[in-house]
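Down below is the structure, laid out as C-alpha cells.
The values are calculated or read from the model by the stated rules, or taken from the named source; none is laboratory data. Note that this is a predicted model, so its numbers are computed, not measured. A quick note on method: Cβ atoms are made from the backbone with ideal geometry, for glycine too, and the neighbour counts reach across all protein chains shown. Each accessible area value is taken on the protein alone, full model and side chains, heavy atoms only, with ligands, DNA and RNA left out. Shrake-Rupley method; radii C 1.70, N 1.55, O 1.52, S 1.80 Å.
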Amino acid sequence: MKFGNERQKNAFSEIKKYKILDKLKKYNPILVGTIPIGIDLPESDLDIICECQNHSEFSAYLSENFSDKMEFKLYSIKQNGIKSTIAEFKTDNFLFDIFGQNIPTQKQNAYRHMIIENRILNEKGSKFKQRVKELKSKGIKTEPAFAKLLGLEGDPFAELLKLENKYYRKHRE
C-alpha cells in the first residue's frame, strides 16, 4: 500500500502515524478488505483482523490503546457462530474496524475472501474491477457484488470460499 494508489498511500500513512499495526503486533494483525485490493469507495473503512485467544484480554487491550480515538466503540458479536470482538474508531482520515477471533488471521474468512477477490480481479481485469465498484456504489456489499458478476448462486460469502481452490491454494504451494 505504500506504493499503491492515492487512497492506499494515505491509509498506509495513517496506519503508520497512529502505529496501529505496531500496537496490534502480538495479535498477528492483517489489513484486509477493499482498500488493499483497490475496490474501495470513499466511505470504505480500514479493516484489520487479529487473532485473539482471550476476548476479555483483547477487549481490555483495545480499550487501553484506542479508546482515546474519535467515536471509539467496543463490542462482541457471534459471526458464523464464532465469538468476535470488534473495536471501531476514527482517526484523521479513516474509520478503523479492528476485528478479533480465536482463529489464526490467515484462516479467517475476511483474509480468505480478500485473497480470492484479488486473484479474481487480477484474472478478470480492470473492466471487471470497475463493475465491482459500480455495484458497490449502488449499495451492494463486496462479496455479493463478486457473486453477482460471477453468476454464483446461494450465500455469496460461502460461494466465494468454494473458489478458494481455484484462486488461492494453487498460488500458496
Report, by residue number, each residue of region 138-148 that is farther than 16 Å from N109 by Cβ and surrounded by fewer than 16 Cβ atoms within 10 Å (Cβ to Cβ).
-> K138, G139, K148
When region 1-12 is examined, which residues are found to be exposed (fewer than 14 other Cβ atoms within 10 Å of the Cβ) and either of a type in the set (V, I, T) or outside any loop (DSSP other than H, G, I, E, B) (or both)?
-> E6, K9
K138 is checked against (1) of a type in the set (K, R); (2) without any contact (Cβ under 8 Å) to a residue 12 or more places away in the chain; (3) under 28 Å from Y18 (Cβ atoms) and fails just one. What number does that condition carry?
-> (3)
So the strands (runs of 3 or more DSSP E) completely within region 68-166 holding 2 or more residues that are of a type outside the set (V, I, T) and modelled with pLDDT under 95 are 70-79
Output the residues belonging to region 22-42 that are in contact (Cβ under 8 Å) with a residue 12 or more places away in the chain and part of a loop (DSSP other than H, G, I, E, B).
-> L24, N28, P29, G33, T34, I35, P36, I37, G38, I39, D40, L41
Quick one: is N28 within 14 Å of Y111 (Cβ to Cβ), at pLDDT 95 or above and of a type in the set (S, T, N, Q)?
-> yes
State all residues of region 150-162 that are closer than 20 Å to K127 by Cβ, of a type in the set (A, V, I, L, M, F, W, C) and either surrounded by fewer than 17 Cβ atoms within 10 Å (Cβ to Cβ) or in contact with a strand residue (DSSP E or B) (Cβ under 8 Å, 6 or more places away or on another chain) (or both); if no residue qualifies, say none.
-> L150
Collect the residues in region 43-65 that are without any contact (Cβ under 8 Å) to a residue 40 or more places away in the chain, part of a helix (DSSP H, G or I) and surrounded by 15 or more Cβ atoms within 10 Å (Cβ to Cβ), keeping them in residue-number order.
-> S59, Y61, L62
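Tell me yes or no: at least one residue of region 13-21 is within 15 Å of I98 (Cα to Cα), open to solvent by 50 Å² or more (accessible area, probe 1.4 Å), part of a loop (DSSP other than H, G, I, E, B) and modelled with pLDDT of 95 or more. Walk me through it before giving the result.
Residues of region 13-21 within 15 Å of I98 (Cα to Cα): 14-15, 18-21.
Adding the requirement that they be open to solvent by 50 Å² or more (accessible area, probe 1.4 Å) leaves 19, 21.
Subsequent filtering for residues that are part of a loop (DSSP other than H, G, I, E, B) retains 19.
Then drop every residue that is not modelled with pLDDT of 95 or more, which leaves 19.
Within region 13-21, one or more residues are within 15 Å of I98 (Cα to Cα), open to solvent by 50 Å² or more (accessible area, probe 1.4 Å), part of a loop (DSSP other than H, G, I, E, B) and modelled with pLDDT of 95 or more.
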Region 109-131, subset among the polar types (S, T, N, Q) and closer than 25 Å to N10 by Cβ, residue most open to solvent (accessible area, probe 1.4 Å) = N122
Taking region 68-108, which residues are more than 14 Å from the chain's Cα centre (by Cα), within 21 Å of S13 (Cα to Cα) and open to solvent by 20 Å² or more (accessible area, probe 1.4 Å)?
-> D68, K69, M70, E71, F72, K90, D92, N93
